[in-house]
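What follows is one structure encoded as structure tokens, with my remarks underneath.
The values are calculated or read from the model by the stated rules, or taken from the named source; none is laboratory data. For clarity, every value in this text was computed on a predicted model and none was experimentally measured. Cβ atoms come from the backbone with ideal geometry, glycine included; neighbour counts cover every protein chain shown. Ligands, DNA and RNA are stripped out before the accessible areas are found, and what is left, the full protein with its side chains, is counted by its heavy atoms. Shrake-Rupley method; radii C 1.70, N 1.55, O 1.52, S 1.80 Å.
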Amino acid sequence: MSLKPIQISALLGSGILSGGSFCISAFCIPSLLTPYSHKDTNKDQAVLPAKTLQTQWQHLYDTGKRFFPSLAALTSSAYLYLAYNSPNGRPLYLTSAFCSIAIVPYTLLVMMGNIKKIQTEIKEEDTQDVPRLRGDIAKWANLNYGRTALEVAALLVGAWAMVDSA
């Protein structure tokens, strides 16, 4: 049996994971944090109130929480299958499998404190929450680049293993 379909699936999974994670940090979060309306003459007024910003971030986070860990598990499983069936590429495939699933413990160990801060209760009328929340969300985006790096590593090492074992 050819391993090509499994190899393609593993690389595709890593590509989707790394690209999706990068997109969230590089494009989605900056869009949420765009501080000022382009039409306002008052440049000191934030576009999104804290509660709205928190709700939108939470929706983005919950959507990713449902999608990324399961795809990481499938991708990691594909790399493990390749490691089992490719003795020459075993160490590289195992590294890819580890990097792929490592987004879960990374989230729990590195990011969870920041996530809990973002999720703290915000009163609708409290304007002092806006700068804190914006800072916490910006920090979350930077921490999310760590997950992106893990997935890029899985992709590159997996590609190296496939080229090396061909």
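Some observations on this one:
- Test: residue in region 32-43 that is among the small types (Gly, Ala, Ser) and modelled with pLDDT of 95 or more: no
- Residue 46 fulfils the conditions (1) within 25 Å of residue 31 (Cα to Cα); (2) modelled with pLDDT of 95 or more; (3) of a type outside the set (S, T, N, Q); (4) in contact with a helix residue (DSSP H, G or I) (Cβ under 6 Å, 6 or more places away or on another chain) except for a single criterion, (2).
- Of the helices (runs of 4 or more DSSP H) that lie entirely inside region 73-166, those containing 1 or more residues that are open to solvent by less than 60 Å² (accessible area, probe 1.4 Å), in contact (Cβ under 8 Å) with a residue 60 or more places away in the chain and touching an Asp or Glu at 6+ places or on another chain (Cβ under 9 Å) span 90-101, 103-106, 112-118.
- Residues of region 80-116 satisfying the condition of being farther than 14 Å from residue 149 by Cβ and hydrophobic (A, V, I, L, M, F, W, C): 80, 82, 83, 92, 94, 97, 101, 104, 108, 109, 112, 115
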